[in-house]
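Nothing in this text is a laboratory measurement; each read-out follows from the coordinates by a stated rule. Source: prediction; values computed, not measured.
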Amino acid sequence: MTTLPSSRPTGGVRWSVVVWPALLAVCLLPGVLPRLVQPLSPGVPLTFDPPLWQLTLTHLGLVLLALAAVLLIGVPLAVAVTRPGREAPRHLTELLVGLGQTVPTLAILALAVPALGFGWAPTLLGLIVYGLVPVVSNGVAGLLAVDRGVLDAARGMGMTDRQRLWRLELPLALPVLLAGIRTSTVYNVGTATVGAALGAGGLGVPIINGLSQQNTGLVLVGALLAALLALSLDALLGLFAGREEPVA
């Protein structure tokens, strides 16, 4: 799966960078969000222990740690399989990585629990497996899309393979790669809610508690905060993508 770079104007990206984090911050103020959704929980006061800001930070930590691992694995892997003469390893890599989104997340987590136990470890494994797909796919697509004529000209100028990679290929492929990173991050904000069932904490806690108690208010609190967190991270990453300019 390859995600194309966003065509939204930079002004729109900057607008969203301010609005979504601001809405998230307002919802995390003590008592604000519980009062808004209280009508959906008649007779049941909405209280949270740990508080919502702590659940949000835990969720953010899970997503960012998984993203760091995805980048450390996915980007070098995309570079390695796009070198000349590696078509067979590239197709195999894309096939194996693509399996990460064909297997249900719950199945991945369930298979990881016997080996890793409960908590962050199996949740991170699931997020990494799920998040690798857009990063590797977009990395491969971006690197393969670099104009061969530009690379031949650089080779004629005496640039080494390493210099061509760092000075030409990666900068030219970066917009497509950043689109994959944004997609991976947004996916994993939603996927990380499942980790609450394994004791990882985060914004999945009120969702799971709400489902078990048939409390719509609790479910809405977790879902709304997760959505605002995903929109905030996407807007921040979009700001970095908006700063990227084509290499002359």
- Item | Separation of alpha-carbon centers, segment 204-223 and segment 93-148, rounded to whole Å | 27 Å
- Message: Report the per residue volume, in Å³, of the convex hull enclosing the C-alpha atoms of segment 119-178.
- Response: 81 Å³
- Note on the structure: Cα-Cα pairs in segment 18-104 separated by more than 16 Å, as a whole percent of all pairs, come to 72 percent
- Message: Restricting everything to alpha-carbon atoms, can you work out Rg to Rh for segment 138-248 with a Kirkwood hydrodynamic radius?
- Response: 1.25
- Query: 222 nm [θ] for the chain, helices only, -39500 (n - 2.57) per DSSP H run of 4+, per residue, to 500?
  - Reply: -23500 deg cm²/dmol
- May I have the extent of the alpha carbons of segment 53-170 along their three principal axes, as whole Å values ordered from largest to smallest? 55, 34, 19
- Message: Once the convex hull of the alpha carbons of the chain is built, what does its volume come to per residue, in cubic angstrom?
- Response: 128 Å³
